[in-house]
Every structure is written in C-alpha cells, then in structure tokens.
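Below is one structure, written out as structure tokens; the observations come after it.
Every read-out reported here was derived from the displayed coordinates using simple, explicitly stated rules and does not represent laboratory data. Since the model is a prediction, treat every value here as computed from it, not as a measurement. Because the Cβ atoms are built from the backbone with ideal geometry, glycine has one as well, and the counts that use them run over all protein chains shown.
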Amino acid sequence: VRLYRDADLVVVSLFPNKYPGGITTILEAMSCRRPVIVTRTEGLRDYVEAPGIVTTVQPGDPASLRSAIVHLLEHPEEANAQAERGYEIVLERHNSERWVEVFATRLNSLLDELSPTVPSAV
C-alpha cells in the first residue's frame, strides 16, 4: 500500500490479450486513490471503459504512453479527479459484498441450467 501511496500515478502496460490481466494492480491503485494509466486490451474492456476512471492508451504505443504520463503529471487536478472517480468505482463495484452478489447470481444461474426440469402436476 505504501508504494501506491508514494506514487504520483500507476502505469499498467500490457500486451494485447483477452483476459483481465493487471486488474489486481489497477484495483489496488484505485483503492489507494492513485490515477491509473493502462494499455487498452480486450480483457480489460469491462473494467476501464467508463470515462474518467483510468487513462487508456493503445498497446505497443510508447509515445502515447509517455504523453499520457506527462499529461497527468502536468495536470494534477485532473489526475486527482480521476483518482477520486476510480476510488468511488472500487467502493461501488469491487467490494466484497458486490463480489458475493455476483458469485451467488452466477452460481444460481448455473444451478438453474444444470437442474433437470420437473414436470408440473396436472
């Protein structure tokens, strides 16, 4: 936690992939109210697409990554606002109660699919 708190921002640079790689680091940084820059990948789409939560750049584009880093460092008000929005999203969507709710919903859905249909009494 101290490393996140000491950081001006957190960069998560990923290769293109279909899995939510780096999500733990992203959520930890957001939990510590740090602005986040992340490479845009298919696997992270559902986590980072809401505007203003993180700054995204294309994978394999170091100039764009550098530009995003410089921009947030030169605009601390914008970086702080992004960090606060990220923190609010973590509290709202990525807390233990929410994960239990999602897990229970998916488990019930799976059980419904696996349960044999019982014919109704005539």
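Going toward the positive end of the dipole of the chain, with +1 on Lys and Arg Cβ and -1 on Asp and Glu Cβ, which of 80, 13, 70 do you reach last?
Value: 13.
Considering amide H positions built from the backbone, and no H for Pro or chain starts, which residues 5 or more places from residue 57, or on another chain, come under 5 Å of its amide H?
For residue 57, whose amide H was placed from the backbone, the distant partners under 5 Å are 38, 39, 40.
The range 1-72: which GluC sites (Glu not before Pro) are DSSP loop and have at most 14 other beta-carbon atoms within 10 angstrom? Before the final figure, lay out each step's value.
Working: sites: 28, 42, 49; in loops: 49.
Taking the range 1-72 and a limit of 14 other Cβ atoms within 10 Å, the loop GluC sites (Glu not before Pro) found are 49.
With n ≥ 4 as the cut-off for DSSP H runs, can you work out [θ] at 222 nm for the chain, using -39500 (n - 2.57) per run divided by the number of residues, rounded to the nearest 500?
The helix contribution divided over the chain gives -17000 deg cm²/dmol.
With the chain treated as a Gaussian network of Cα nodes joined by springs under 10 Å, which of 46, 112, 61 yields the largest mean-square fluctuation?
Maximum fluctuation in the GNM of the chain, among the listed residues, is at 112.
Counting only C-alpha contacts under 8 Å and six or more residues apart, can you give the relative contact order of the chain as a whole percent?
Details: 141 pairs, mean separation 27.6, N = 122.
After rounding, I find 23 percent.
Using only the Cα atoms, work out Rg/Rh for the range 2-114, with Rh taken as the Kirkwood radius, to two decimals.
In the range 2-114, Rg relative to Rh is 1.04.
Kindly provide the trypsin sites (Lys or Arg not before Pro) of the range 13-61 that DSSP labels as loop, not H, G, I, E or B, and whose Cβ sees at most 11 other Cβ atoms within 10 Å.
18
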